[in-house]
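Nothing in this text is a laboratory measurement; each read-out follows from the coordinates by a stated rule. All figures in this text were calculated on a predicted structure; none of them were measured in a lab.
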Amino acid sequence: MAIRNILTYPEKSLLQPSVKIESIDDEIRTLINDMGETMFDAPGVGLAAPQVGVNKRVIIYDLHARDKDNDGTVNEFKALINPEIIEASGSIVSEKEGCLSVVDYSADVKRYETVVVRALDIDGNPLEFKTDGILSVIMQHEIDHLDGILFINRISVLKRSLYKKKLAKELNSN
Ligand code: NI
């Protein structure tokens with residue numbers, strides 16, 4: 001297992017769609033384990049493969065990854081392969097949503113309240129679940145990553161341009 005480098009906006013792999021996984025082989029299993037270690041190290045509650053530069057449709061998440069009493073074990077996160085949102089309803093504002101790939105920025109993002117997710121688990125078994133609240137937001141955020149969409153693509157044009165200006169300033173001052 002290894003901690004991988006988390007890419008940040010405007011890195012190319014974050015902005016392009018990822019391909020479906022055809023077979024869950026050792027390469028994919030290693031990728032998932034590395035993503036787990038990377039997510040806990042960051043720490044974050046979710047991570048999508050494009051964030052570590054791999055444009056394949058896999059996401060991982062763990063609602064408790066940031067808890068102070070987490071002892072750093074990386075075997076409790078869940079992985080979803082080829083996840084899709086097959087139903088979505090309602091509307092909520094996800095307050096101060098952030099992303100490990102969008103440094104030093106958060107914003108309120110309009111999200112669906114409830115989603116139904118269909119995916120494969122790490123053993124290739126199909127699964128389907130309905131969720132709302134924080135997990136619903138995580139699902140929408142992470143699956144967006146697989147389509148090359150970041151939360152900053154879901155805020156107003158004005159807010160996005162302010163963020164880009166701020167980022168350009170920071171990059172120039174380094
Ligand atoms: Ni993200």
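Residues in the stretch 3-19 carry Karplus couplings, in order, of 7, 9, 6, 8, 6, 10, 3, x, 3, 4, 5, 6, 10, 10, x, 9, 8 Hz; the curve used is 6.51 cos²θ - 1.76 cosθ + 1.60 with θ = phi - 60°, and Gly or Pro positions show x.
For the set Lys12/Lys56; Lys56/Lys159; Lys12/Lys164; Lys56/Lys130; Lys56/Lys78, the pairs lying more than 18 angstrom apart at their alpha carbons are Lys56/Lys159; Lys56/Lys130. For Lys96, the aspartates and glutamates whose Cα comes closer than 19 Å to its Cα, not counting residues fewer than 8 places off in the same chain, are Asp62, Asp67, Asp104, Asp108, Glu113, Asp132, Glu142, Asp144. Over all pairs of different C-alpha atoms, the chain has a mean inverse distance whose reciprocal, the Kirkwood radius, equals 16.6 Å.
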